[in-house]
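The values are calculated or read from the model by the stated rules, or taken from the named source; none is laboratory data. Keep in mind that what you see is a predicted model, and the values were worked out from it rather than measured. Reconstructed Cβ throughout: ideal geometry from the backbone, glycine too, with neighbour counts over all protein chains shown. The protein model used for the area step is the full one, side chains on, heavy atoms only, and it has no ligands, DNA or RNA in it. Shrake-Rupley method; radii C 1.70, N 1.55, O 1.52, S 1.80 Å.
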Amino acid sequence: MAGQTAVAASHPPAYGTRKRTGLVAHLKTHKIKYLMLAPFILLFFVFYIVPVASSIVLSFTYYNMLQPPRWIGLANYRLLFLEDDIFLIALKNTLAFAVVTGPLSYFLSFFFAWIINSLRFSNLFALAFYAPSITSTVALTVVWTYIFSGDRYGLINKFLIDFGLIDRPILWLSNPDYMLYVVMFVSLWMSMGAGFLVFLAGLRNVPSDLYEAGAIDGIKNKFQQMWMITLPLMKPQLLFGAVMSIVASFAVFDIAVALTGMPSANYAAHTIVSHLYDYAFIRFELGYASAISVVLFLLTFTLGRISMRMFSSSDE
């Protein structure tokens, strides 16, 4: 018996066995927590993981909803990048839109949240800034179509003509030289959404004692407070706002289509999501549309990972 015990002690359980035993013990200890997480995990798997995986698989097939998917390998991606000139235009427009509106909406959301947080009636101002993001796109389109109307009665044209800056109306929503800039402007006006509220909540959660301690240590103005105290304590909110800005800038579709049509003149306001919608719900070429969605997913995922690296805390 002593010899068997010595042999067992000299040969401990294999690594895989220890790992399985530790996993079973962990599941038994935290089984209530995992049971409470189960509904979310199930819904996340069904409505997120399965559609993404299905889209990746379909991107390598020809699928028109009438016939079973037929495997064609990389043909969709080859067509997308080498032969589809409209996609290249949509990619250029989307990147230009993201480069301009993404950082601007991000910094404007934080800047206005920072200003509003110090005002007396901050809740009222926050509601005024947040309201456009929850307003119906159709209602907003009616307002902005009137403002950028291409005749003399459009508010922008009337203002410019009255002040002698132009002598004839500008076709803001029909001229390819202007329509993308109009979509950018309207999107920026609508960008004070969830990121803005998260920034405002983060600013309100910074303890006031830290500002008092900072003043004792030599911090002299609001900008030094923001740089040395506020921003380091708001990294989770800054990360969330960055991801939301990236997703919103690459997912622009409804406001562009509502203002400039589908497709826009010379595809001047055509975006990746517009191209995806065209092939998925108008032409019903779902294999090709899945390839477009995979490219869009990779773009947003890559930029999201970069944002997580930038705003992650060093102690995490």
Zero-based 20 Å bins, Cα pair distances in the chain, whole percents: 22, 44, 26, 6, 1, 0
Nearest 0.05, what FRET efficiency do TYR153 and ALA251 give at R0 = 41 Å with Cβ-Cβ as r? 0.80
For TYR62, what accessible surface area do you get with a 1.4 Å probe? Give it in Å², rounded to 10. 90 Å²
Rounded to the nearest 10 Å², the 1.4 Å probe accessible area of ARG305 is 110 Å²
Which of THR302, THR137, THR21 ends up with the largest GNM mean-square fluctuation for the chain, with Cα atoms connected below 10 Å? THR21
Of PHE311, SER105, MET179, whose Cα points farthest to the positive end of the dipole of segment 84-311 (charges on the beta-carbon: +1 Lys, Arg; -1 Asp, Glu; origin at the Cα centre)? PHE311
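Length gain on complete extension for the stretch THR302 to ASN64, per 0.36 nm per residue less the alpha carbon to alpha carbon distance?
82.7 nm
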In Hz, Karplus ³J(HN,Hα) per residue of segment 159-170 (6.51, -1.76, 1.60; θ = phi - 60°; x = Gly, Pro): 5, 5, 5, 4, 8, x, 7, 9, 10, 9, x, 9
J(HN,Hα) series, segment 205-218, from Karplus relation 6.51 cos²θ - 1.76 cosθ + 1.60, nearest Hz, glycine and proline x: 8, 6, x, 5, 4, 5, 5, 5, 5, x, 5, 5, 7, x
How high is the FRET efficiency between ALA25 and MET262 when r is their beta carbon distance and R₀ equals 41 Å, given to the nearest 0.05? 0.10
Heavy-atom accessible area ranking, 1.4 Å probe, most first, across VAL198, VAL186: VAL198, VAL186
Let me check something: with ligands and nucleic acids excluded, how do MET36, MET179, MET190 order by accessible area (1.4 Å probe), largest to smallest? MET36, MET190, MET179
How big is the charge dipole of the chain about its Cα centre, in debye rounded to the nearest 20, if each Lys and Arg gets +1 on its Cβ and each Asp and Glu gets -1 on its Cβ? 1160 debye
Quick one: accessible surface of PHE40, probe radius 1.4 Å, all protein chains present, in square angstrom to the nearest 10. 130 Å²
Using a Gaussian network model of the chain whose springs link C-alpha atoms within less than 10 Å, name the residue from LEU203, LEU180, LEU124 with the highest mean-square fluctuation. LEU124
I'd like the carbon and sulfur percentage of the solvent accessible area for segment 84-311, probe radius 1.4 Å, heavy atoms only, ligands and nucleic acids excluded. 68 percent
Could you run the Karplus curve 6.51 cos²θ - 1.76 cosθ + 1.60 with θ = phi - 60° over segment 239-256 and give me ³J(HN,Hα) per residue in whole Hz, x for Gly and Pro? 5, 4, x, 5, 5, 5, 5, 5, 4, 5, 6, 8, 9, 4, 7, 4, 5, 5
Dipole axis of the chain (+1 Lys, Arg; -1 Asp, Glu on Cβ), positive-most option in LEU231, LEU286, GLY164: LEU231
Cα→Cβ-extended label distance, 7 Å offset, between VAL142 and LEU88, nm: 4.2 nm
Other-chain or far-sequence residues with amide H under 5 Å of THR61's (modelled H): ILE72
Order by accessible surface, 1.4 Å probe, largest leading, for residues ILE216, ILE56, ILE147 comes to ILE216, ILE56, ILE147
